[in-house]
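Novice: Structure in structure tokens, see below.
The values are calculated or read from the model by the stated rules, or taken from the named source; none is laboratory data. Worth saying up front: this structure is predicted, and the values here are computed from it rather than measured. FYI the Cβ positions are ideal-geometry reconstructions off the backbone, even for glycines, and counts take in every protein chain you see. For the accessible areas, the whole protein counts, side chains as well, though only heavy atoms, and no ligand, DNA or RNA atoms are used. Shrake-Rupley method; radii C 1.70, N 1.55, O 1.52, S 1.80 Å.
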Amino acid sequence: MNRKLVQKAEALLAKERGTVYKDPGGRISICLVFPNTYSVGMSNLGFQGIYGMLNRRDDIVCERAFLPEESDIREYRRTGTPLFSFESKRPLAEFDIVAFSLSFENDYPNIITILDLARIPPEAAERNRFHPLVIAGGVCCFFNPEPFVPAFDIIVSGEAEGLIDEFIELYKERDGVKDAVKKGASGVEGLYVPEFYEIRYNDDGTIRERLPLEGAPDRIRTRRLKDLSSSPITTSIITPEAEFSDMYLMEAMRGCPWRCRFCLVGHIYGPVRKKGIEQLRADVERARESAAGSQQQAVRIGVIGPSLTDHPDIEDLLCMEGVEFSITSLRASEKSAAIVDLLKRHKSVSIAPEAGTERMRQVVRKRVTEEEILRTSELILDGGIENLRLYFMIGLPSERHEDIEGIVDLVKKVRQISGKGSIILSVSTFVPKPFTPFQWHPMEELNRVKEKLKFIKSSLKTERGVKVFHDVPKYAHMQGLFSVGDRRVFPVLRAMAQAGDFKRALAETGVEMGQYVFRQKGVEEILPWDFLDHGGSKARLWEDYRQALSLS
């Protein structure tokens, strides 16, 4: 092992509280991998929760690995050091199972980089029985895993609670024999074995049929936890080196009642489930215990949920003493007033109008009015909070120039109602997401997106205390390809791991963005993710899509 790389891992471990160390003897060894850097991975509640769940089992030793920093990747390659786990420094190739937690499409090329550094062939078909079983879970696995499935033996499609324990028992029952485990997994609800399916295509590049093999089911039904209060998912390790420094994360709500037409959360996490106040208080007490002995004056807790303004107990929770709470964002509504008052110590609070005009908000089904947006903004700015973050999206279906002008006008109105604090715009590009009504809609071409961003920035450059930030449009297009692509996109991931450049990878592989991202899809078309069953109706989504377009 390279001394420099080991010392860096040890330095990070020394700052952690809650790290689990186990004797691996007689236990199934799992390396849990986050395909981004340490600071990003350690701020991911799902990753943290799975680490804790697995290590609570006496028959499992679970350790962690991450995408190394760029300079460390060069050091791994220069010295020929195989990628190793943090806790024991064991090479990933020596674990029984290597399990990826996938939360973001733009991390997909990092899967290949990590496997390459670990000296594990990047495709399941290239590996033999002596290689680890390579599996994947996380939200990306239950909306469209197809762009990355060639890398994996098994995909966990659904929420982990319960499903993971069932998989571990299957693994033990089959003595860890890869072929036997995969065969057994194909019969478990929520487990998907990609090699048991053959995809055939039409001459125009669309999918003609999807054939199950080896007795595999036609469709994979995703698994869900019925009672969120029974979920063991919480932060396992506290560290100042995470993006959310020294913050304990806890989930208050899963699923969203508003079902905006562009958003995954309301469509794949149903039904809405909320933790009761007693369980939330128990989570806070666990956070206090985890912070014991630290130098913090108050325990810092990040409350996770897509629409926390709608949680019936959110005010009772935020009133707890000795805790510095942080929440993801507020919904513009009357209920926000009391919550804003409880967040006065915060430097930044976010709301998401998403669009600048009432028509456009109706198209995307963002059910907030301009009056509610302005009133909530005024409460935030006049409440002493330094930064109001406003989230907008451009490139939406049926968008007109007046909708872009509406973003500028709305921001100016917010600025006029209060001269206090700063207003920070975060502008993102629309990306079609599977299982939403907009899954059929094309993305806008790069030049159009750039024109809209230029207009917004130039129109607001003289506004006092207003800053505009936006995503990089080409990366939004990359996300779009990985969001709606099929297995033929996988070579792009391999090429990017080598070249690091998206445009070059497209040229080398011959994958055309127009086939996937810039094309209007039809209702009869077989989409790459249609085999996943979330309990909803594709016909109902199409009708919802047509209804949205009728508002133009």
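Novice: How many residues are crowded, with 24+ Cβ neighbours inside 10 Å and not in a strand (DSSP E or B) if we restrict to region 65-84?
Specialist: Residues that pass the stated criteria total 1.
Residue by residue, here is whether (1) under 25 Å from the mean Cα position of the chain (by Cα); (2) over 28 Å from Val303 (Cα atoms) holds:
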site: Val6; (1), (2): no, yes
site: Lys15; (1), (2): no, no
site: Pro24; (1), (2): no, yes
site: Ile28; (1), (2): no, yes
site: Val40; (1), (2): yes, no
site: Glu63; (1), (2): yes, no
site: Ile73; (1), (2): yes, yes
site: Val98; (1), (2): yes, yes
site: Ile111; (1), (2): yes, yes
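Novice: Now, a different point. Quickly run through region 13-54 and pick out the residues that are assigned to a strand (DSSP E or B), within 19 Å of Ser245 (Cα to Cα) and open to solvent by 10 Å² or more (accessible area, probe 1.4 Å).
Specialist: Arg17, the sole residue that qualifies.
Novice: Please go through (1) under 22 Å from Leu541 (Cα atoms); (2) in contact (Cβ under 8 Å) with a residue 12 or more places away in the chain; (3) open to solvent by less than 10 Å² (accessible area, probe 1.4 Å) for Arg365 and return the number of the only condition it doesn't satisfy.
Specialist: (3)
Novice: How many of the residues in region 467-488 are in contact with a helix residue (DSSP H, G or I) (Cβ under 6 Å, 6 or more places away or on another chain) and open to solvent by less than 20 Å² (accessible area, probe 1.4 Å)?
Specialist: 7
Novice: Let me ask you something else. Please count how many residues of region 23-45 are touching a residue at least 60 places away in the same chain (Cβ under 8 Å) and either of a type in the set (D, E, K, R) or more than 28 Å from Glu105 (Cβ to Cβ) (or both).
Specialist: Looking only at that region, the number is 3.
Novice: Can you tell me which residues in region 186-198 are part of a loop (DSSP other than H, G, I, E, B), over 10 Å from Ala216 (Cβ atoms) and either open to solvent by 10 Å² or more (accessible area, probe 1.4 Å) or modelled with pLDDT under 95 (or both)?
Specialist: Scanning region 186-198 gives Val188, Glu189.
Novice: Okay, next question. Considering only residues that are of a type outside the set (D, E, K, R) and under 24 Å from Thr436 (Cα atoms), which ones fall in region 243-258?
Specialist: Matches in region 243-258: Ala252, Met253, Gly255, Cys256, Pro257, Trp258.
Novice: Still on this model: Out of (1) of a type in the set (A, V, I, L, M); (2) under 19 Å from Ala136 (Cα atoms); (3) without any contact (Cβ under 8 Å) to a residue 60 or more places away in the chain, the odd one out for Ile73 is which?
Specialist: (2)
Novice: Now a separate question. Are any residues in region 55-64 out of contact with any helix residue (DSSP H, G or I) (no Cβ under 6 Å at 6 or more places or on another chain) and either in a helix (DSSP H, G or I) or open to solvent by less than 30 Å² (accessible area, probe 1.4 Å) (or both), and if so, which ones?
Specialist: Correct list: Asn55, Val61, Glu63, Arg64.
Novice: What's the number of the only condition in (1) free of Cβ contacts under 8 Å to residues at least 24 places away in the same chain; (2) within 28 Å of Glu161 (Cα to Cα) that Pro121 fails to meet?
Specialist: (2)
Novice: Among the residues of region 116-133, what is the count of those that are crowded, with 18+ Cβ neighbours inside 10 Å and in contact with a strand residue (DSSP E or B) (Cβ under 8 Å, 6 or more places away or on another chain)?
Specialist: Number of matching residues: 6.
Novice: In region 506-529, is there at least one residue being charged (D, E, K, R), under 22 Å from the mean Cα position of the chain (by Cα) and open to solvent by 50 Å² or more (accessible area, probe 1.4 Å)?
Specialist: No.
Novice: Select the strands (runs of 3 or more DSSP E) contained entirely in region 199-304, then report the ones holding at least 1 residues which are basic (Lys, Arg) and open to solvent by 50 Å² or more (accessible area, probe 1.4 Å).
Specialist: It comes to 207-212, 299-304.
Novice: Further question: Here is a check on your reading of the model: is Val414 over 30 Å from Val484 (Cα atoms), in a helix (DSSP H, G or I) and open to solvent by less than 40 Å² (accessible area, probe 1.4 Å)?
Specialist: yes
Novice: Name the residues in region 138-158 that are open to solvent by less than 10 Å² (accessible area, probe 1.4 Å), touching a strand residue (DSSP E or B) at 6+ places or on another chain (Cβ under 9 Å) and of a type outside the set (A, V, I, L, M, F, W, C), would you?
Specialist: Of everything in region 138-158, those that are open to solvent by less than 10 Å² (accessible area, probe 1.4 Å), touching a strand residue (DSSP E or B) at 6+ places or on another chain (Cβ under 9 Å) and of a type outside the set (A, V, I, L, M, F, W, C) turn out to be Asn144, Pro145, Glu146, Asp153, Ser157, Gly158.
Novice: Quick one: would you say Lys420 is in a loop (DSSP other than H, G, I, E, B) and free of Cβ contacts under 8 Å to residues at least 40 places away in the same chain?
Specialist: yes
Novice: In the set Ile327, Ile339, Ile351, Ile314, which member is in contact with a helix residue (DSSP H, G or I) (Cβ under 8 Å, 6 or more places away or on another chain), of a type in the set (A, V, I, L, M) and closer than 30 Å to Leu551 by Cβ?
Specialist: Residue meeting the stated conditions: Ile351.
Novice: Determine whether region 392-408 contains at least one residue that is open to solvent by less than 40 Å² (accessible area, probe 1.4 Å) and within 28 Å of Arg345 (Cα to Cα).
Specialist: Looking through region 392-408, at least one residue is open to solvent by less than 40 Å² (accessible area, probe 1.4 Å) and within 28 Å of Arg345 (Cα to Cα).
Novice: If only one of Ser348, Ser377, Ser336 is open to solvent by less than 10 Å² (accessible area, probe 1.4 Å), among the small types (Gly, Ala, Ser) and in contact with an Asp or Glu (Cβ under 9 Å, 6 or more places away or on another chain), which one is it?
Specialist: Ser336 is the lone residue from the list that is open to solvent by less than 10 Å² (accessible area, probe 1.4 Å), among the small types (Gly, Ala, Ser) and in contact with an Asp or Glu (Cβ under 9 Å, 6 or more places away or on another chain).
Novice: Taking Gly522 as the residue in question, decide whether it is at positive phi and touching a residue at least 24 places away in the same chain (Cβ under 8 Å).
Specialist: When the stated conditions are applied, Gly522 does not pass them.
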